[in-house]
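Okay, so here's the structure we're looking at.
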Amino acid sequence: MSTRRLQTIVPSVPVSDGAGVKLRRSLGHSQRLDPFLMLDEFASDNPDDYIAGFPPHPHRGFETVTYMLAGAFEHRDHLGHTGHLRGGGAQWMSAGRGIVHSEMPLQDSGRLHGFQFWINLPAAEKMKPAAYRDIQPEAIPEVAIPGGSVKVIAGTLDGAGAAPVPGPIQGLSTAPLFLDVRLAAGQGFAQTVDDGHTAFLYPYAGSLLVGDDARPLAARQAGVLSAGERIAVAAGPEGAGFLLLAARPLGEPVVQYGPFVMNTREEIEQALADYRNGTLA
Ligand code: FE2
C-alpha cells in the first residue's frame, strides 16, 4: 500500500473578510485544490477580531463547511432558517443555486476558534436547491486511538484494524473525508484513502511529520499530499491537532467571482444578474 508524501506546503496568510473578521487563509488565497476552493481558520481571544461577523451575503455553486473548536456562531438565511453552531459542532451547507445568509458570532468576549472550507459542487448539482445540516457536537463520533483521539465529521475513519467509524456526513458526490485528529507528542496516525482523491492536512496546533520520509509540516499551513492509498503522520514534540481532508476531484472548469463558483463566465453573469434581481435562490 503506497503511503502519501507531503508534496506542497500552502502557507496561510492573514486576511479580513465579512465585516472585518480576521482570518488566516491558506487554500483559496493563491491556489485551489480541486474540489477544495478555500480554507480559512479564525482563532482569537480578542472580540475586535470577530465581533463584526459576516452580515448577509450570497453563495451559489458550492458547499461551505464550518467547524468550530471553541465559541459559537448563529446562522440565519433568507428562507427563515436559523442555526446555532457551537464548539465541537459543524454546519455543512450546500448553497446549490443560491442562499443569502449571515454568520454572526454569538458572543462578545472570549475565544472563538474554528474553520470554514469551501468544497465545489459538480456542474450537475450547482443549481440544485440549497440545503444544510447543522451537526451538533454530540452527533460527531470521537474515537480514542493510541495516544490521541479522532473526531469523524464526514466519511469514515478506517479504524486501523478496529471497526470503521462513519461520520454524520455521507453520500455526497465528492465523497469527502473530514477528520479532526489530536495526537500526543510522537504518536502516529494512519488512514486509508482512495488513491485518486485529493488530500491535505492542516495542523492548527503543534506540528506533524508526514509520510514515510517524515517531512515536517508546521501549524497553520496546508500540506498537500501526493497520490497514494494511505496517509501516515506522526505528531511533533509538542503533539498535534490537525484537520485531515480528502475528496474526489471534479476535473471541471472553475470560474469564480467572490461567493459565486460556476463553470463558465456566462453562469457567473447569470448569478450576478439573479442576485441583483432577487432571484438567486
Ligand atoms: Fe457564507
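The values are calculated or read from the model by the stated rules, or taken from the named source; none is laboratory data. Treat the numbers as computed from the prediction; the structure is a model and nothing was measured. Cβ: placed from backbone, ideal geometry, glycine included. Neighbour counts: every protein chain shown. Just so you know, the surface numbers come from the protein's heavy atoms only, side chains and all, with ligands and any DNA or RNA stripped out. Shrake-Rupley method; radii C 1.70, N 1.55, O 1.52, S 1.80 Å.
Odds and ends about this structure:
- Those aspartates and glutamates that a straight Cα-Cα span of less than 14 Å connects to LYS151, excepting residues fewer than 8 apart in one chain: GLU138, GLU142, ASP180
- Cα gyration tensor of segment 11-64 - equivalent ellipsoid semi-axes, whole Å, descending: 21, 15, 8
- Computed lengthening from ALA70 to ALA144, 0.36 nm per intervening residue step minus Cα-Cα distance: 24.6 nm
- Working from the Cα coordinates of the chain, the gyration tensor eigenvalues give, after taking √(5λ), semi-axes of 30, 22, 17 Å in decreasing order.
- Extended-chain gain in nm, criterion 0.36 nm per residue less alpha-carbon gap, VAL13 and THR279: 92.3 nm
- Counting only protein heavy atoms and a 1.4 Å probe, the chain has 40 square angstrom of accessible area per residue.
- Using Cβ point charges alone (K and R +1, D and E -1), the dipole size of the chain about the Cα centre works out to roughly 180 debye.
- Based on the convex hull around the alpha carbon atoms, segment 26-151 presents an average projected area of 9.0 nm².
- With all protein chains modelled, accessible area of VAL255 [1.4 Å, Å²]: 30 Å²
- With Cα atoms, 0 to 90° folded angle of helix 265-277 axis to the chain main axis: 60 degrees
- Segment 55-105: Rg to Rh, with Rh as the Kirkwood radius over Cα pairs: 0.96
- HN-Hα J in Hz across segment 75-82 - Karplus 6.51, -1.76, 1.60, θ = phi - 60°, x for Gly and Pro: 10, 10, 10, 5, 8, x, 7, 10
- Potential extension, SER173-HIS81 segment - 0.36 nm per residue separation minus Cα distance: 30.6 nm
- Scoring 258-264, 168-174, 60-66 by mean Cβ neighbours within 10 Å over their residues and listing the highest first yields 60-66, 258-264, 168-174.
- Averaging the Cα positions of each part gives two centres, and for segment 141-189 and segment 209-258 these lie 14 Å apart.
- Spacing of the modelled spin labels on MET1 and ALA184, each 7 Å from Cα toward Cβ, amounts to 2.4 nm.
- When shorter helices are ignored and each DSSP H run of at least 4 residues is given -39500 (n - 2.57), the per-residue value for the chain at 222 nm works out to -1500 deg cm²/dmol.
- Listed residues LYS151, LYS22 arranged by accessible area, highest first, probe 1.4 Å: LYS22, LYS151
- Whole-Å distance, taken between Cα centres, linking segment 64-91 and segment 104-137: 7 Å
- Across segment 39-108, the mean sequence separation of Cα contacts (distance under 8 Å, 6 or more residues apart), normalised by length, yields a relative contact order of 42 percent.
- Across segment 165-231, the convex hull enclosing all Cα atoms gives 106 Å³ per residue.
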